[in-house]
Amino acid sequence: MPAARTNHFVLNGSDDLTFRLAQQLSERYRAEVVVLMTEAEQATARDFTALAEVALVVAERIDEQALRGVDVGTAAGLALTVQDDVGNLSLALLARDVAPRLRLVLRMYHTALGQDIESLLGNARVLSDAEIAGPELVATALGEVAATPVQVARRTLVVAPRADVLPQDVVCGLADTSDGDAPQVLPADERTADLVLAEDRGPASLWETSLGLSRLAPKRPSWAGLVLSFLSALFSRKTRIAVTAVLAIIVAAGTALAVSLDLQPWEAFYEAAATVLGGPQPEAGYQPRQQALQLLLGLAGLAFIPLVTALVVEGTVRARLAVAQLRLIQPRSGHVVVVGLGGVGTRVMRLLHDRGITMIAVAHDENARGVALARELDIPLLIGDPSRETTLRQAGVERCKALLAVDRSDMANLQTALYARKLQQRVRVVLRLFDPDLADRVRTTFDLPLSRSVSSMAVPAFAEALMGREVVGTIAVDRRVLLIAEMFVPTGSPLAGTTTANVNRAGSMRVVAVTEFGEPRPLWKPGPTRRVRERDKLTVVATRDGLTELTMRNRRR
(Lines give C-alpha, C1' and ligand atoms only; values in the text may rest on other atoms or scores of the structure.)
Protein backbone atom coordinates (compact mmCIF):
# COMPACT_ATOMS: atom_id res chain seq x y z
CA MET A 1 0.00 0.00 0.00
CA PRO A 2 1.54 3.36 -1.01
CA ALA A 3 2.36 5.84 1.73
CA ALA A 4 -0.18 8.61 2.31
CA ARG A 5 0.64 11.96 0.78
CA THR A 6 1.17 14.91 3.10
CA ASN A 7 1.46 18.66 2.63
CA HIS A 8 0.47 18.41 -1.04
CA PHE A 9 -2.04 20.39 -3.10
CA VAL A 10 -5.15 18.86 -4.63
CA LEU A 11 -6.78 20.46 -7.67
CA ASN A 12 -10.22 19.48 -8.92
CA GLY A 13 -10.71 20.52 -12.54
CA SER A 14 -9.60 19.89 -16.10
CA ASP A 15 -9.48 23.15 -18.05
CA ASP A 16 -6.86 25.81 -18.83
CA LEU A 17 -6.89 27.36 -15.36
CA THR A 18 -6.39 24.00 -13.66
CA PHE A 19 -3.57 23.09 -16.04
CA ARG A 20 -1.77 26.40 -15.55
CA LEU A 21 -2.25 26.26 -11.77
CA ALA A 22 -0.83 22.73 -11.59
CA GLN A 23 2.11 23.83 -13.74
CA GLN A 24 2.82 26.88 -11.56
CA LEU A 25 2.65 24.99 -8.27
CA SER A 26 4.84 22.12 -9.45
CA GLU A 27 7.43 24.06 -11.46
CA ARG A 28 7.65 27.46 -9.78
CA TYR A 29 7.04 26.43 -6.16
CA ARG A 30 8.29 22.83 -6.34
CA ALA A 31 5.12 21.61 -4.63
CA GLU A 32 3.58 18.15 -4.88
CA VAL A 33 0.36 18.43 -6.88
CA VAL A 34 -2.48 15.97 -7.44
CA VAL A 35 -5.14 16.73 -10.07
CA LEU A 36 -8.48 15.02 -9.51
CA MET A 37 -11.08 14.85 -12.28
CA THR A 38 -13.93 12.67 -13.51
CA GLU A 39 -13.77 10.38 -16.53
CA ALA A 40 -16.15 12.71 -18.39
CA GLU A 41 -13.90 15.69 -17.70
CA GLN A 42 -10.81 13.81 -18.86
CA ALA A 43 -12.33 13.40 -22.35
CA THR A 44 -12.06 17.17 -22.97
CA ALA A 45 -9.20 17.98 -20.58
CA ARG A 46 -5.78 19.39 -21.30
CA ASP A 47 -2.98 16.85 -21.50
CA PHE A 48 -1.91 16.78 -17.85
CA THR A 49 0.52 13.94 -18.57
CA ALA A 50 2.76 16.64 -20.06
CA LEU A 51 3.36 17.84 -16.47
CA ALA A 52 5.87 15.29 -15.26
CA GLU A 53 5.70 16.32 -11.60
CA VAL A 54 1.90 16.30 -11.39
CA ALA A 55 -0.07 13.20 -10.39
CA LEU A 56 -3.36 12.68 -12.26
CA VAL A 57 -6.19 10.78 -10.56
CA VAL A 58 -9.36 10.01 -12.53
CA ALA A 59 -12.50 8.93 -10.67
CA GLU A 60 -15.96 7.94 -11.85
CA ARG A 61 -17.35 10.76 -9.72
CA ILE A 62 -16.00 13.19 -7.15
CA ASP A 63 -17.34 12.09 -3.78
CA GLU A 64 -16.01 11.49 -0.27
CA GLN A 65 -14.24 8.33 -1.37
CA ALA A 66 -12.49 10.17 -4.20
CA LEU A 67 -11.38 12.94 -1.83
CA ARG A 68 -10.00 10.47 0.68
CA GLY A 69 -8.27 8.64 -2.16
CA VAL A 70 -6.11 11.71 -2.85
CA ASP A 71 -5.41 12.20 0.89
CA VAL A 72 -7.32 15.45 1.28
CA GLY A 73 -7.15 15.08 5.05
CA THR A 74 -3.36 15.64 5.05
CA ALA A 75 -3.22 18.07 2.10
CA ALA A 76 -1.97 21.65 2.36
CA GLY A 77 -4.85 22.93 0.27
CA LEU A 78 -7.66 22.08 -2.14
CA ALA A 79 -8.52 24.19 -5.19
CA LEU A 80 -11.94 23.64 -6.79
CA THR A 81 -11.57 25.07 -10.29
CA VAL A 82 -14.42 23.50 -12.26
CA GLN A 83 -16.65 26.07 -14.01
CA ASP A 84 -19.64 25.19 -11.85
CA ASP A 85 -20.43 27.49 -8.92
CA VAL A 86 -22.98 25.19 -7.30
CA GLY A 87 -20.83 22.10 -7.82
CA ASN A 88 -17.75 23.77 -6.33
CA LEU A 89 -19.69 24.97 -3.29
CA SER A 90 -21.19 21.52 -2.75
CA LEU A 91 -17.76 19.89 -3.00
CA ALA A 92 -16.28 22.50 -0.65
CA LEU A 93 -18.86 21.58 2.01
CA LEU A 94 -18.02 17.89 1.53
CA ALA A 95 -14.29 18.61 1.78
CA ARG A 96 -14.87 20.62 4.97
CA ASP A 97 -16.53 17.56 6.53
CA VAL A 98 -13.59 15.36 5.52
CA ALA A 99 -10.87 17.86 6.53
CA PRO A 100 -12.19 20.61 8.86
CA ARG A 101 -8.97 22.68 8.74
CA LEU A 102 -8.15 22.26 5.06
CA ARG A 103 -7.39 25.45 3.12
CA LEU A 104 -9.96 25.85 0.33
CA VAL A 105 -9.87 27.97 -2.83
CA LEU A 106 -13.10 28.10 -4.85
CA ARG A 107 -13.52 29.29 -8.41
CA MET A 108 -16.88 31.01 -8.71
CA TYR A 109 -18.20 33.24 -11.45
CA HIS A 110 -20.73 34.93 -9.18
CA THR A 111 -18.58 36.35 -6.37
CA ALA A 112 -21.25 38.55 -4.78
CA LEU A 113 -21.65 36.03 -1.96
CA GLY A 114 -17.93 35.29 -1.82
CA GLN A 115 -17.26 36.98 1.51
CA ASP A 116 -20.20 35.22 3.17
CA ILE A 117 -19.06 31.87 1.76
CA GLU A 118 -15.51 32.48 2.96
CA SER A 119 -16.66 33.29 6.50
CA LEU A 120 -19.02 30.30 6.63
CA LEU A 121 -16.45 27.80 5.33
CA GLY A 122 -13.49 29.22 7.26
CA ASN A 123 -9.94 29.20 5.86
CA ALA A 124 -11.33 29.66 2.35
CA ARG A 125 -10.97 32.08 -0.58
CA VAL A 126 -13.45 32.64 -3.40
CA LEU A 127 -11.93 33.90 -6.67
CA SER A 128 -13.18 34.49 -10.21
CA ASP A 129 -10.79 34.22 -13.15
CA ALA A 130 -13.21 36.24 -15.28
CA GLU A 131 -13.30 39.02 -12.68
CA ILE A 132 -9.51 39.11 -12.49
CA ALA A 133 -8.91 39.11 -16.25
CA GLY A 134 -11.88 41.17 -17.44
CA PRO A 135 -10.55 44.66 -16.65
CA GLU A 136 -7.18 43.92 -18.27
CA LEU A 137 -8.85 42.67 -21.47
CA VAL A 138 -11.06 45.76 -21.67
CA ALA A 139 -8.16 48.11 -20.99
CA THR A 140 -6.03 46.40 -23.64
CA ALA A 141 -8.80 46.68 -26.22
CA LEU A 142 -9.24 50.39 -25.52
CA GLY A 143 -5.53 51.17 -25.26
CA GLU A 144 -5.77 52.16 -21.61
CA VAL A 145 -4.33 51.28 -18.22
CA ALA A 146 -6.19 48.55 -16.34
CA ALA A 147 -7.34 50.64 -13.39
CA THR A 148 -9.55 48.35 -11.33
CA PRO A 149 -9.65 49.82 -7.81
CA VAL A 150 -8.08 47.77 -5.01
CA GLN A 151 -9.00 48.29 -1.37
CA VAL A 152 -5.91 48.18 0.85
CA ALA A 153 -6.06 49.22 4.52
CA ARG A 154 -9.10 51.47 3.97
CA ARG A 155 -7.51 53.16 0.98
CA THR A 156 -8.62 52.83 -2.63
CA LEU A 157 -5.65 52.28 -4.92
CA VAL A 158 -5.65 52.31 -8.71
CA VAL A 159 -3.05 51.95 -11.45
CA ALA A 160 -2.60 55.12 -13.49
CA PRO A 161 -0.06 57.00 -15.64
CA ARG A 162 2.14 59.24 -13.49
CA ALA A 163 1.10 62.27 -15.56
CA ASP A 164 -2.51 61.84 -14.38
CA VAL A 165 -1.64 61.66 -10.68
CA LEU A 166 -0.72 64.29 -8.10
CA PRO A 167 2.76 63.61 -6.65
CA GLN A 168 1.39 63.26 -3.10
CA ASP A 169 -1.03 60.53 -4.23
CA VAL A 170 1.66 58.22 -5.66
CA VAL A 171 2.11 55.13 -3.48
CA CYS A 172 4.59 53.20 -5.60
CA GLY A 173 6.23 53.35 -9.01
CA LEU A 174 5.18 50.20 -10.84
CA ALA A 175 6.86 50.15 -14.23
CA ASP A 176 8.89 52.07 -16.78
CA THR A 177 7.02 51.44 -20.02
CA SER A 178 9.18 53.64 -22.26
CA ASP A 179 10.42 50.43 -23.88
CA GLY A 180 7.08 49.13 -25.12
CA ASP A 181 8.38 45.63 -25.87
CA ALA A 182 9.81 44.99 -22.39
CA PRO A 183 8.54 47.26 -19.61
CA GLN A 184 10.76 47.35 -16.52
CA VAL A 185 8.69 46.59 -13.44
CA LEU A 186 9.50 47.99 -9.99
CA PRO A 187 12.63 49.88 -11.11
CA ALA A 188 15.29 50.73 -8.54
CA ASP A 189 14.63 54.44 -9.04
CA GLU A 190 10.88 54.90 -8.65
CA ARG A 191 11.05 58.28 -10.34
CA THR A 192 11.67 56.57 -13.69
CA ALA A 193 8.36 54.69 -13.51
CA ASP A 194 5.69 56.26 -15.71
CA LEU A 195 3.06 53.78 -14.49
CA VAL A 196 2.26 54.12 -10.78
CA LEU A 197 0.06 52.79 -8.02
CA ALA A 198 -1.80 55.75 -6.57
CA GLU A 199 -4.51 56.59 -4.08
CA ASP A 200 -7.87 57.62 -5.46
CA ARG A 201 -9.06 60.33 -3.08
CA GLY A 202 -12.20 61.35 -4.98
CA PRO A 203 -15.32 59.35 -5.75
CA ALA A 204 -14.75 59.54 -9.50
CA SER A 205 -11.66 61.63 -10.13
CA LEU A 206 -8.52 59.59 -10.58
CA TRP A 207 -10.28 56.40 -11.64
CA GLU A 208 -12.22 58.11 -14.40
CA THR A 209 -9.14 60.05 -15.51
CA SER A 210 -7.03 56.90 -15.79
CA LEU A 211 -9.82 55.14 -17.63
CA GLY A 212 -10.31 58.07 -19.97
CA LEU A 213 -14.08 58.05 -19.61
CA SER A 214 -14.61 61.50 -21.07
CA ARG A 215 -12.88 60.77 -24.36
CA LEU A 216 -14.52 57.36 -24.59
CA ALA A 217 -18.08 58.58 -24.12
CA PRO A 218 -20.21 57.51 -27.06
CA LYS A 219 -20.59 60.25 -29.66
CA ARG A 220 -24.03 61.32 -30.86
CA PRO A 221 -24.51 59.74 -34.29
CA SER A 222 -25.20 62.03 -37.26
CA TRP A 223 -28.41 61.86 -39.30
CA ALA A 224 -26.42 60.52 -42.24
CA GLY A 225 -24.98 57.82 -40.02
CA LEU A 226 -28.42 56.85 -38.76
CA VAL A 227 -29.77 56.62 -42.32
CA LEU A 228 -26.83 54.48 -43.44
CA SER A 229 -27.23 52.28 -40.36
CA PHE A 230 -30.92 51.82 -41.12
CA LEU A 231 -30.36 50.97 -44.79
CA SER A 232 -27.47 48.60 -44.11
CA ALA A 233 -29.61 46.77 -41.56
CA LEU A 234 -32.54 46.41 -43.99
CA PHE A 235 -30.73 45.48 -47.19
CA SER A 236 -27.85 43.09 -47.83
CA ARG A 237 -24.57 44.29 -49.27
CA LYS A 238 -25.07 42.43 -52.59
CA THR A 239 -28.53 43.93 -53.07
CA ARG A 240 -27.24 47.43 -52.36
CA ILE A 241 -24.43 46.96 -54.91
CA ALA A 242 -26.84 45.69 -57.60
CA VAL A 243 -29.28 48.55 -57.13
CA THR A 244 -26.47 51.11 -57.10
CA ALA A 245 -25.02 49.71 -60.34
CA VAL A 246 -28.38 49.77 -62.18
CA LEU A 247 -29.16 53.30 -60.97
CA ALA A 248 -25.71 54.44 -62.08
CA ILE A 249 -26.38 53.05 -65.58
CA ILE A 250 -29.77 54.77 -65.72
CA VAL A 251 -28.36 58.13 -64.58
CA ALA A 252 -25.38 57.94 -66.96
CA ALA A 253 -27.44 56.87 -70.01
CA GLY A 254 -30.25 59.34 -69.21
CA THR A 255 -27.81 62.22 -68.82
CA ALA A 256 -26.03 61.36 -72.08
CA LEU A 257 -29.36 61.13 -73.94
CA ALA A 258 -30.55 64.47 -72.49
CA VAL A 259 -27.34 66.21 -73.54
CA SER A 260 -27.58 64.71 -77.03
CA LEU A 261 -31.21 65.89 -77.44
CA ASP A 262 -30.60 69.22 -75.67
CA LEU A 263 -33.46 68.62 -73.20
CA GLN A 264 -34.36 70.66 -70.14
CA PRO A 265 -33.96 68.93 -66.71
CA TRP A 266 -37.61 67.97 -66.34
CA GLU A 267 -37.87 66.81 -69.94
CA ALA A 268 -34.69 64.76 -69.46
CA PHE A 269 -36.08 63.12 -66.31
CA TYR A 270 -39.42 62.39 -68.00
CA GLU A 271 -37.79 60.86 -71.08
CA ALA A 272 -35.51 58.63 -68.98
CA ALA A 273 -38.26 57.57 -66.53
CA ALA A 274 -40.73 56.79 -69.35
CA THR A 275 -38.15 54.67 -71.12
CA VAL A 276 -37.13 52.78 -67.93
CA LEU A 277 -40.70 52.11 -66.77
CA GLY A 278 -42.46 51.68 -70.11
CA GLY A 279 -39.74 50.37 -72.35
CA PRO A 280 -38.09 52.04 -75.37
CA GLN A 281 -40.47 53.48 -77.99
CA PRO A 282 -39.35 53.89 -81.64
CA GLU A 283 -38.40 57.48 -82.43
CA ALA A 284 -37.92 58.27 -86.14
CA GLY A 285 -35.75 61.30 -85.48
CA TYR A 286 -33.20 59.55 -83.21
CA GLN A 287 -29.65 59.10 -84.38
CA PRO A 288 -28.02 55.65 -83.92
CA ARG A 289 -26.15 56.83 -80.80
CA GLN A 290 -29.38 58.13 -79.27
CA GLN A 291 -31.19 54.91 -80.13
CA ALA A 292 -28.39 52.94 -78.39
CA LEU A 293 -28.78 55.06 -75.25
CA GLN A 294 -32.55 54.55 -75.34
CA LEU A 295 -32.09 50.78 -75.63
CA LEU A 296 -29.61 50.82 -72.72
CA LEU A 297 -32.18 52.65 -70.59
CA GLY A 298 -34.78 50.03 -71.53
CA LEU A 299 -32.48 47.16 -70.56
CA ALA A 300 -31.67 48.86 -67.25
CA GLY A 301 -35.42 49.23 -66.68
CA LEU A 302 -35.88 45.48 -67.19
CA ALA A 303 -33.38 44.89 -64.35
CA PHE A 304 -34.65 47.76 -62.18
CA ILE A 305 -38.23 46.52 -61.70
CA PRO A 306 -37.26 43.06 -60.29
CA LEU A 307 -34.65 44.74 -58.06
CA VAL A 308 -37.30 47.03 -56.58
CA THR A 309 -39.47 43.99 -55.90
CA ALA A 310 -36.52 42.22 -54.26
CA LEU A 311 -35.82 45.29 -52.13
CA VAL A 312 -39.38 45.34 -50.80
CA VAL A 313 -39.36 41.61 -49.97
CA GLU A 314 -35.88 41.59 -48.45
CA GLY A 315 -36.50 44.79 -46.49
CA THR A 316 -39.69 43.36 -44.99
CA VAL A 317 -38.08 40.08 -43.96
CA ARG A 318 -34.87 41.64 -42.64
CA ALA A 319 -36.79 44.34 -40.76
CA ARG A 320 -38.61 41.65 -38.78
CA LEU A 321 -35.35 39.87 -38.06
CA ALA A 322 -33.67 43.16 -37.16
CA VAL A 323 -36.34 43.96 -34.60
CA ALA A 324 -35.82 40.53 -33.03
CA GLN A 325 -32.04 40.89 -32.96
CA LEU A 326 -31.88 44.66 -32.23
CA ARG A 327 -29.98 45.12 -35.48
CA LEU A 328 -31.76 48.36 -36.36
CA ILE A 329 -30.44 50.10 -33.24
CA GLN A 330 -26.99 48.54 -33.17
CA PRO A 331 -24.01 50.87 -33.53
CA ARG A 332 -22.51 50.88 -37.00
CA SER A 333 -19.18 52.61 -36.33
CA GLY A 334 -16.78 53.35 -33.50
CA HIS A 335 -18.10 50.48 -31.38
CA VAL A 336 -16.50 47.44 -29.72
CA VAL A 337 -17.29 43.89 -30.86
CA VAL A 338 -17.19 41.16 -28.20
CA VAL A 339 -16.97 37.66 -29.68
CA GLY A 340 -17.64 34.79 -27.30
CA LEU A 341 -20.11 35.09 -24.42
CA GLY A 342 -18.74 32.55 -21.96
CA GLY A 343 -17.73 33.58 -18.46
CA VAL A 344 -14.94 35.93 -19.57
CA GLY A 345 -16.89 37.41 -22.49
CA THR A 346 -19.88 38.06 -20.24
CA ARG A 347 -17.69 39.88 -17.71
CA VAL A 348 -16.10 41.96 -20.48
CA MET A 349 -19.53 42.83 -21.85
CA ARG A 350 -20.71 43.93 -18.39
CA LEU A 351 -17.64 46.14 -17.88
CA LEU A 352 -18.09 47.84 -21.26
CA HIS A 353 -21.79 48.40 -20.60
CA ASP A 354 -21.10 49.90 -17.15
CA ARG A 355 -18.79 52.41 -18.80
CA GLY A 356 -21.36 53.37 -21.43
CA ILE A 357 -19.29 52.10 -24.36
CA THR A 358 -21.32 51.03 -27.39
CA MET A 359 -20.80 47.43 -28.44
CA ILE A 360 -22.15 44.41 -30.28
CA ALA A 361 -22.01 40.95 -28.75
CA VAL A 362 -21.60 37.81 -30.86
CA ALA A 363 -22.41 34.34 -29.51
CA HIS A 364 -22.26 30.91 -31.14
CA ASP A 365 -25.66 29.84 -29.86
CA GLU A 366 -28.58 30.79 -27.63
CA ASN A 367 -27.22 28.76 -24.70
CA ALA A 368 -24.11 30.90 -24.14
CA ARG A 369 -23.84 32.32 -20.62
CA GLY A 370 -23.99 35.97 -21.67
CA VAL A 371 -26.97 35.80 -24.06
CA ALA A 372 -29.55 36.43 -21.35
CA LEU A 373 -27.53 39.33 -19.92
CA ALA A 374 -27.11 40.93 -23.36
CA ARG A 375 -30.86 40.88 -23.89
CA GLU A 376 -31.51 42.14 -20.37
CA LEU A 377 -29.19 45.12 -20.95
CA ASP A 378 -30.49 45.76 -24.50
CA ILE A 379 -27.04 45.13 -25.98
CA PRO A 380 -27.21 44.36 -29.73
CA LEU A 381 -26.74 40.62 -30.06
CA LEU A 382 -25.90 38.38 -33.01
CA ILE A 383 -26.28 34.62 -32.82
CA GLY A 384 -24.02 33.02 -35.41
CA ASP A 385 -20.61 31.63 -36.25
CA PRO A 386 -18.02 34.42 -35.71
CA SER A 387 -15.52 32.58 -37.87
CA ARG A 388 -17.70 33.43 -40.90
CA GLU A 389 -17.12 36.72 -42.67
CA THR A 390 -20.86 37.40 -43.03
CA THR A 391 -21.35 37.31 -39.25
CA LEU A 392 -18.54 39.79 -38.68
CA ARG A 393 -19.92 42.05 -41.39
CA GLN A 394 -23.29 42.06 -39.65
CA ALA A 395 -21.46 43.09 -36.46
CA GLY A 396 -19.95 46.06 -38.33
CA VAL A 397 -16.35 44.93 -37.81
CA GLU A 398 -15.20 46.94 -40.83
CA ARG A 399 -16.18 50.10 -38.90
CA CYS A 400 -15.57 49.15 -35.26
CA LYS A 401 -12.70 50.50 -33.14
CA ALA A 402 -11.84 47.26 -31.33
CA LEU A 403 -12.66 43.56 -31.34
CA LEU A 404 -12.22 41.16 -28.42
CA ALA A 405 -12.06 37.49 -29.43
CA VAL A 406 -12.52 35.82 -26.03
CA ASP A 407 -13.96 32.43 -26.90
CA ARG A 408 -12.51 29.40 -25.11
CA SER A 409 -10.94 28.01 -28.30
CA ASP A 410 -7.57 29.41 -29.41
CA MET A 411 -8.17 28.51 -33.06
CA ALA A 412 -11.67 30.01 -33.09
CA ASN A 413 -10.28 33.26 -31.67
CA LEU A 414 -7.44 33.32 -34.20
CA GLN A 415 -9.81 32.69 -37.11
CA THR A 416 -12.09 35.49 -35.92
CA ALA A 417 -9.11 37.86 -35.62
CA LEU A 418 -7.85 37.09 -39.13
CA TYR A 419 -11.29 37.70 -40.66
CA ALA A 420 -11.55 40.95 -38.70
CA ARG A 421 -8.18 42.11 -40.06
CA LYS A 422 -9.39 41.22 -43.56
CA LEU A 423 -12.42 43.48 -43.11
CA GLN A 424 -10.47 46.31 -41.43
CA GLN A 425 -6.69 46.31 -41.52
CA ARG A 426 -6.24 48.73 -38.63
CA VAL A 427 -8.81 47.31 -36.21
CA ARG A 428 -7.47 46.83 -32.67
CA VAL A 429 -7.81 43.09 -31.97
CA VAL A 430 -7.40 41.49 -28.54
CA LEU A 431 -7.00 37.71 -28.65
CA ARG A 432 -7.59 35.30 -25.82
CA LEU A 433 -4.92 32.63 -26.31
CA PHE A 434 -3.84 29.91 -23.90
CA ASP A 435 -0.79 28.59 -25.75
CA PRO A 436 2.18 31.00 -25.28
CA ASP A 437 4.04 29.53 -28.27
CA LEU A 438 1.03 30.14 -30.50
CA ALA A 439 0.76 33.69 -29.15
CA ASP A 440 4.40 34.37 -30.10
CA ARG A 441 3.92 33.01 -33.62
CA VAL A 442 0.69 34.97 -34.09
CA ARG A 443 2.39 38.14 -32.90
CA THR A 444 5.24 37.90 -35.41
CA THR A 445 3.50 36.25 -38.37
CA PHE A 446 0.08 37.92 -38.38
CA ASP A 447 0.94 41.20 -36.63
CA LEU A 448 -1.55 40.54 -33.82
CA PRO A 449 0.43 41.65 -30.76
CA LEU A 450 -2.44 42.00 -28.30
CA SER A 451 -2.96 38.46 -27.02
CA ARG A 452 -3.77 37.64 -23.41
CA SER A 453 -4.16 34.39 -21.50
CA VAL A 454 -6.96 34.51 -18.94
CA SER A 455 -5.46 31.62 -17.01
CA SER A 456 -2.05 33.30 -16.86
CA MET A 457 -3.58 36.47 -15.44
CA ALA A 458 -5.69 34.59 -12.88
CA VAL A 459 -3.30 31.83 -11.78
CA PRO A 460 -1.07 34.00 -9.52
CA ALA A 461 -4.04 34.93 -7.33
CA PHE A 462 -5.21 31.29 -7.15
CA ALA A 463 -1.72 29.97 -6.40
CA GLU A 464 -0.97 32.53 -3.70
CA ALA A 465 -4.39 31.98 -2.08
CA LEU A 466 -3.83 28.22 -2.11
CA MET A 467 -0.48 28.69 -0.40
CA GLY A 468 -2.05 30.85 2.29
CA ARG A 469 -0.59 34.16 1.19
CA GLU A 470 -2.80 37.19 1.60
CA VAL A 471 -2.95 38.60 -1.93
CA VAL A 472 -5.37 41.52 -2.00
CA GLY A 473 -4.99 42.50 -5.65
CA THR A 474 -3.30 41.76 -8.96
CA ILE A 475 -1.86 44.22 -11.48
CA ALA A 476 -1.24 43.31 -15.12
CA VAL A 477 1.65 45.16 -16.79
CA ASP A 478 1.75 44.05 -20.40
CA ARG A 479 2.31 40.27 -20.07
CA ARG A 480 3.62 40.39 -16.50
CA VAL A 481 1.59 40.21 -13.30
CA LEU A 482 2.34 42.07 -10.08
CA LEU A 483 0.74 41.13 -6.76
CA ILE A 484 -0.37 43.37 -3.91
CA ALA A 485 0.05 41.26 -0.79
CA GLU A 486 0.06 41.59 2.97
CA MET A 487 2.58 39.64 5.04
CA PHE A 488 2.80 39.23 8.83
CA VAL A 489 6.29 39.26 10.36
CA PRO A 490 6.29 36.52 13.03
CA THR A 491 8.45 36.36 16.11
CA GLY A 492 11.91 35.13 15.18
CA SER A 493 11.66 36.17 11.54
CA PRO A 494 14.97 37.08 9.87
CA LEU A 495 13.25 40.22 8.56
CA ALA A 496 12.88 41.64 12.09
CA GLY A 497 15.44 44.35 12.71
CA THR A 498 16.31 44.95 9.07
CA THR A 499 15.35 48.11 7.19
CA THR A 500 12.75 48.41 4.46
CA ALA A 501 15.59 49.28 2.05
CA ASN A 502 17.08 45.83 2.73
CA VAL A 503 13.69 44.18 2.30
CA ASN A 504 13.10 45.79 -1.10
CA ARG A 505 14.43 44.14 -4.24
CA ALA A 506 14.66 46.15 -7.47
CA GLY A 507 12.62 44.50 -10.20
CA SER A 508 10.84 42.08 -7.91
CA MET A 509 9.52 43.52 -4.61
CA ARG A 510 8.83 46.81 -2.81
CA VAL A 511 7.32 47.60 0.61
CA VAL A 512 4.57 50.24 0.25
CA ALA A 513 3.18 50.23 3.81
CA VAL A 514 4.01 48.98 7.32
CA THR A 515 1.37 48.43 10.01
CA GLU A 516 2.80 48.23 13.49
CA PHE A 517 1.30 45.76 15.94
CA GLY A 518 -1.62 47.37 17.76
CA GLU A 519 -1.80 50.36 15.40
CA PRO A 520 -5.06 50.75 13.45
CA ARG A 521 -3.52 52.62 10.52
CA PRO A 522 -0.52 51.68 8.38
CA LEU A 523 2.48 53.88 7.67
CA TRP A 524 2.44 54.44 3.91
CA LYS A 525 5.63 54.86 1.87
CA PRO A 526 7.98 54.06 4.78
CA GLY A 527 11.43 55.59 4.54
CA PRO A 528 14.40 53.40 3.59
CA THR A 529 15.80 53.49 7.16
CA ARG A 530 12.54 52.40 8.80
CA ARG A 531 13.21 49.13 10.64
CA VAL A 532 10.90 46.17 10.45
CA ARG A 533 9.75 44.84 13.82
CA GLU A 534 8.30 41.53 14.92
CA ARG A 535 4.51 41.34 14.50
CA ASP A 536 4.53 44.13 11.89
CA LYS A 537 2.34 43.66 8.83
CA LEU A 538 4.01 44.52 5.54
CA THR A 539 2.03 45.57 2.48
CA VAL A 540 4.12 44.87 -0.61
CA VAL A 541 3.91 45.03 -4.39
CA ALA A 542 5.87 42.13 -5.86
CA THR A 543 6.32 39.78 -8.75
CA ARG A 544 5.49 36.14 -8.11
CA ASP A 545 9.18 35.30 -7.71
CA GLY A 546 9.67 38.32 -5.47
CA LEU A 547 6.80 37.31 -3.19
CA THR A 548 8.11 33.74 -3.01
CA GLU A 549 11.57 35.01 -2.06
CA LEU A 550 10.12 37.30 0.61
CA THR A 551 8.10 34.40 2.05
CA MET A 552 11.28 32.31 2.32
CA ARG A 553 13.14 35.20 3.99
CA ASN A 554 10.27 35.68 6.46
CA ARG A 555 10.33 32.13 7.83
CA ARG A 556 11.26 31.71 11.48
CA ARG A 557 14.82 30.76 12.25
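The values are calculated or read from the model by the stated rules, or taken from the named source; none is laboratory data. Predicted, not measured: the structure shown is a model, and the values here were computed from it. Because the Cβ atoms are built from the backbone with ideal geometry, glycine has one as well, and the counts that use them run over all protein chains shown. Heads up: the accessible areas ignore ligands, DNA and RNA and are worked out on the full protein's heavy atoms, side chains in. Shrake-Rupley method; radii C 1.70, N 1.55, O 1.52, S 1.80 Å.
Among the chymotrypsin sites (Phe, Trp or Tyr not before Pro) in the range 394-455, those placed in a DSSP loop whose Cβ has at most 16 other Cβ atoms within 10 Å are 446. Pairs of lysine residues in the chain that meet both criteria, 8 or more places apart or on different chains and Cα atoms under 28 Å apart, total 6. Looking at the range 1-95, which trypsin sites (Lys or Arg not before Pro) are DSSP coil and have at most 11 other C-beta atoms within 10 Å of their C-beta? Loop-located and lightly packed - 30, 61. With the biggest extent put first, the Cα atoms of the range 340-433 measure 32, 25, 23 Å across the principal axes. Which is the longest part of the chain that has none of the GluC sites (Glu not before Pro) sitting in a DSSP loop with at most 10 other Cβ atoms within 10 Å? The longest such stretch corresponds to 61-365. For the range 256-304, what class follows from the C-alpha gyration tensor (a ≥ b ≥ c being the square roots of its eigenvalues): rounded when a/c is under 1.5, otherwise prolate if a/b is larger than b/c, else oblate? The shape class here is oblate.
Residues of the range 110-138 with amide nitrogen under 12 Å from the 7 Å Cα-to-Cβ point of residue 90? No residues fall inside that zone. Projected label points at residue 390 and residue 491, each 7 Å from Cα along the beta carbon direction, are separated by 7.6 nanometres. Taken about its Cα centre, the range 431-490 carries a charge dipole of roughly 120 debye when the Cβ of each Lys and Arg holds +1 and the Cβ of each Asp and Glu holds -1. Computed about its Cα centre, the charge dipole of the chain is approximately 940 debye, with only Lys, Arg, Asp and Glu carrying charge at their Cβ. Here is the P(r) of the range 475-557: all C-alpha pair distances, binned every 10 Å from 0, give 19, 54, 23, 4 in whole percents. Here the Kirkwood formula puts the hydrodynamic radius of the range 1-156 at 16.7 Å, using every distinct Cα pair. Charges on Cβ only, +1 for Lys and Arg, -1 for Asp and Glu, centred on the Cα centroid of the chain; of 163, 25, 67, which one is farthest towards the dipole's positive end? Of the listed residues, the answer is 163. Across the range 1-131, the relative contact order, built from alpha-carbon pairs under 8 Å that are at least six residues apart, equals 23 percent.
Think of each Lys and Arg Cβ as +1 and each Asp and Glu Cβ as -1; about the Cα centre, that makes the dipole of the range 35-94 roughly 100 debye. A Förster distance of 25 Å, applied to the separation of the beta-carbon atoms of residue 168 and residue 472, puts the FRET efficiency at 0.65. Between residue 295 and residue 269, full extension at 0.36 nm per residue minus the direct alpha carbon distance yields a gain of 7.8 nm.
Taking all protein chains into account, the per residue accessible area for the chain stands at 49 Å² (1.4 Å probe). Protection proxy ranking of 500-510, 6-16, by the mean of other Cβ atoms within 10 Å over each peptide's residues and highest first, is 6-16, 500-510. When the Cα convex hull of the chain is projected onto planes of every orientation, the mean area is 33.6 nm².
At a Förster distance of 56 Å, what's the computed FRET efficiency of residue 49 paired with residue 191, Cβ-Cβ distance as r, to 0.05? Taking R0 as 56 Å, the efficiency between residue 49 and residue 191 is 0.70.
Of interest is the spacing of the C-alpha centroids, which for the range 159-180 and the range 464-495 amounts to 21 Å.
As a calculated quantity, the FRET efficiency between residue 120 and residue 555 at R0 = 41 Å, using C-beta atoms, amounts to about 0.85. Distance distribution P(r), the range 412-523, all Cα-Cα pairs, bin width 5 angstrom from 0: 2, 9, 15, 15, 13, 11, 8, 8, 7, 6, 4, 2, 0 percent.
Translational diffusion of the range 1-59, estimated by Stokes-Einstein from the Kirkwood radius over alpha carbon pairs at 4 °C in a medium of 1.567 mPa s, is 112 µm² per second. Potential lengthening of the chain between residue 101 and residue 28 amounts to 23.7 nm, from the contour at 0.36 nm per residue minus the alpha-carbon distance.
Solvent-accessible area of the chain (1.4 angstrom probe, protein heavy atoms only): carbon and sulfur portion equals 54 percent.
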